[in-house]
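The values are calculated or read from the model by the stated rules, or taken from the named source; none is laboratory data. It should be emphasised that the depicted structure is a prediction, and the values quoted were computed from it without experimental measurement. As a convention, Cβ positions derive from the backbone with ideal geometry for all residues, glycine included, and neighbour counts pool all protein chains shown. Note: areas computed on protein heavy atoms with side chains; ligands, DNA, RNA excluded. Shrake-Rupley method; radii C 1.70, N 1.55, O 1.52, S 1.80 Å.
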Amino acid sequence: MSTTIYHNPHCTKSRQTLNLLLEKGEKPEIIEYLNQVPSKTELKQLLTMLGMKPEALIRKGEDEFKQLFKGKKLTDDQWIQAMVDYPKLIERPIVVKNGKAVIGRPPENVLALL
């Protein structure tokens, strides 16, 4: 099965995770999710594979979160829409293989998929 990484090349952890995958002989499909924003359906699939609720995938240190969402109670669908509208809010990197996904924080988390 192929490996996919939802990657932000400006993120140190994302670059480290990608390098780890390459070192292990993986040739992942690289999705730069800030340019290729995942759809609501795709985010729901990722969340299912991760076993997470949408709010748990939100980067709460981002300016968009602090300015627009801090202190707000949103439904799961509203959090997913927030990630579509503001993809910087999506925790990164996400690596998918064989119908399972992990967040590469720390990068060694991806070893569980290999």
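Annotation note: Cβ proximity below 7 Å between a residue of region 79-93 that is free of Cβ contacts under 8 Å to residues at least 60 places away in the same chain and a residue that is open to solvent by less than 10 Å² (accessible area, probe 1.4 Å) and assigned to a loop (DSSP other than H, G, I, E, B) (sequence gap 6+ or interchain) occurs for 87/33.
Could you check region 1-36 and list, in sequence order, the residues that are over 13 Å from residue 92 (Cα atoms) and either part of a loop (DSSP other than H, G, I, E, B) or of a type in the set (A, V, I, L, M, F, W, C) (or both)?
Of everything in region 1-36, those that are over 13 Å from residue 92 (Cα atoms) and either part of a loop (DSSP other than H, G, I, E, B) or of a type in the set (A, V, I, L, M, F, W, C) (or both) turn out to be 1, 2, 20, 21, 22, 24, 25, 26, 27, 28, 35, 36.
Answer yes or no: is there a residue in region 12-35 that is hydrophobic (A, V, I, L, M, F, W, C) and farther than 18 Å from residue 104 by Cβ. First the steps, then the outcome.
Residues of region 12-35 that are hydrophobic (A, V, I, L, M, F, W, C), as a first pass: 18, 20-22, 30-31, 34.
Filter once more, so that each one left must be farther than 18 Å from residue 104 by Cβ: none.
Checked against the condition, which is being hydrophobic (A, V, I, L, M, F, W, C) and farther than 18 Å from residue 104 by Cβ, region 12-35 yields no hits at all.
Say we look at region 25-36 and pick out the residues that are among the acidic types (Asp, Glu) and under 18 Å from residue 11 (Cβ atoms); which of these is surrounded by the most Cβ atoms within 10 Å (Cβ to Cβ)? Top of the filtered list is 32. Of all the helices (runs of 4 or more DSSP H) wholly in region 37-94, which have at least 1 residues that are open to solvent by less than 10 Å² (accessible area, probe 1.4 Å) and of a type in the set (A, V, I, L, M, F, W, C)? Per the criteria, 40-50, 76-85. When restricted to residues that are farther than 13 Å from residue 47 by Cβ and buried (at least 16 other Cβ atoms within 10 Å of the Cβ), region 95-104 contains 3.
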